[in-house]
Amino acid sequence: MTLNPAVQPRETGHSDSPLPNPPFAAVLRIHLSYLWQHRRLLSLNAPTRLTELVQRRKLFDRDERLPQLIDKLGAKHFVAERLGPEWVTSTLWTGSLLPATPPWPRPFVVKSRHGCNQRRFVRSGEEDWAAIRKAAARWMRREYGFWLDEWGYRGIPRGLLVEPFIGEDLVLPLDYKVFVFHGHAAFIQVHLGREDNHRWLVFDRNWRRVSRRTEDPDPEPPVSLARMIDGAEILGRGFDFVRVDFYEIAGQPRFGELTFYPGSGLESVDPPELDEAMGSLWLGRFRPT
């Protein structure tokens, strides 16, 4: 995939073009949703937190690269070009309507290319395929990102894709989400219990926990952590902030997706000081070692 050269050089949020004038309804919706979720007022004029800067990006950042890289198919091409095809999970099929009978070898995953958290797993073949087809049809009918005002999703062609299931013993692998600020990987968010008791921990790049202590012991760092960090920094060049998601399969990093609106800026970052530290990195106020 070749990105439009006109939009490659600059970092998101840095442009001489005037900021867009978002609709009042979008501004109100974002303020109210932020207040509801975080129990504090949102500062758009002088944001200092990661969660605030995500809201500002939703309202004002119209970087033309975002739809191309949020698109799950477009992101695969982008990563394969920069890191190599071995970093990317193969695509078994892509289209707009699932067949009446799945022809792909099990286990596999059905997901949308244009949305988030739109996926179904087929492990044994005993799953309700008719229900999966109905869910996929709903994904195709709806524009993702509208109610959360995530502009980057709006230019993505609607579509479905099927991938082989990755992970051992039909269990989802750990999800390693690398937070990259101005090309520097600073934090790794580790997602645990993704199908039953979903929770996450955050570590710095030296694998020291920076999120609040919980009952979960610190997991061992992935064997491929250094490669994940290097890969994330390559993919994150030219952006003030992007989250690059990976899995580790047989000791090797495997790309997941690029995220420009993590949690839509509405999920709690605990402790609050971490929200501030991430915001400072996004704003370019300092660079950690």
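The values are calculated or read from the model by the stated rules, or taken from the named source; none is laboratory data. Bear in mind that the values here come from a model prediction, so they are computed numbers and not experimental data. Cβ atoms come from the backbone with ideal geometry, glycine included; neighbour counts cover every protein chain shown.
Being outside any loop (DSSP other than H, G, I, E, B), farther than 18 Å from ASP230 by Cα and of a type in the set (D, E, K, R) is the filter here, so list the residues in the stretch 150-204 that pass it. Across the stretch 150-204, the qualifying residues are GLU163, GLU168, ASP169, ARG199.
So that you can scan it fast, the table gives a plain yes or no per residue for (1) in contact with a His (Cβ under 9 Å, 6 or more places away or on another chain); (2) surrounded by fewer than 16 Cβ atoms within 10 Å (Cβ to Cβ); (3) touching a residue at least 24 places away in the same chain (Cβ under 8 Å); (4) not assigned by TED's automatic domain parsing to the domain that holds GLY125:
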site	(1), (2), (3), (4)
ASP71	yes, no, yes, yes
GLY74	no, no, yes, yes
ARG82	no, yes, yes, yes
PRO85	no, yes, no, yes
VAL88	yes, no, yes, yes
LEU97	no, yes, yes, no
PRO102	no, no, yes, no
PRO107	no, no, yes, no
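Taking the stretch 191-242 as the range and being under 20 Å from ASP275 (Cα atoms), surrounded by fewer than 16 Cβ atoms within 10 Å (Cβ to Cβ) and touching a helix residue (DSSP H, G or I) at 6+ places or on another chain (Cβ under 8 Å) as the test, only TRP207 passes. From PHE241, PHE260, which residue is aromatic (Phe, Trp, Tyr) and over 18 Å from SER112 (Cα atoms)? Selected residue: PHE241, the only one of PHE241, PHE260 that is aromatic (Phe, Trp, Tyr) and over 18 Å from SER112 (Cα atoms).
Every residue, every condition in (1) in contact with a Gly (Cβ under 9 Å, 6 or more places away or on another chain); (2) among the hydrophobic types (A, V, I, L, M, F, W, C); (3) more than 22 Å from PRO253 (Cβ to Cβ), yes or no:
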{"position": "ARG142", "(1), (2), (3)": "yes, no, yes"}
{"position": "TRP147", "(1), (2), (3)": "no, yes, yes"}
{"position": "PHE165", "(1), (2), (3)": "no, yes, no"}
{"position": "VAL178", "(1), (2), (3)": "yes, yes, no"}
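Applying the set (1) among the charged types (D, E, K, R); (2) in a loop (DSSP other than H, G, I, E, B); (3) under 21 Å from GLY159 (Cα atoms) to GLU126 leaves exactly one unmet item: (3).
Residue count for the stretch 144-170 satisfying the condition of being basic (Lys, Arg), touching a Lys or Arg at 6+ places or on another chain (Cβ under 8 Å) and closer than 25 Å to TYR34 by Cβ: 0.
Within the stretch 244-280, the residues that satisfy the criterion of being crowded, with 22+ Cβ neighbours inside 10 Å and of a type outside the set (Gly, Ala, Ser) are VAL244, PHE246, PRO253, PHE255, LEU258, PHE260, TYR261, VAL269, MET278. Answer yes if at least one residue in the stretch 32-39 is under 17 Å from ARG154 (Cα atoms) and modelled with pLDDT of 90 or more, and no otherwise. Within the stretch 32-39 (the criterion being under 17 Å from ARG154 (Cα atoms) and modelled with pLDDT of 90 or more), the answer is no, since none of the residues qualifies. With respect to the conditions (1) over 22 Å from ARG285 (Cβ atoms); (2) assigned to a loop (DSSP other than H, G, I, E, B); (3) at pLDDT 95 or above, PRO22 falls short on a single one, namely (3).
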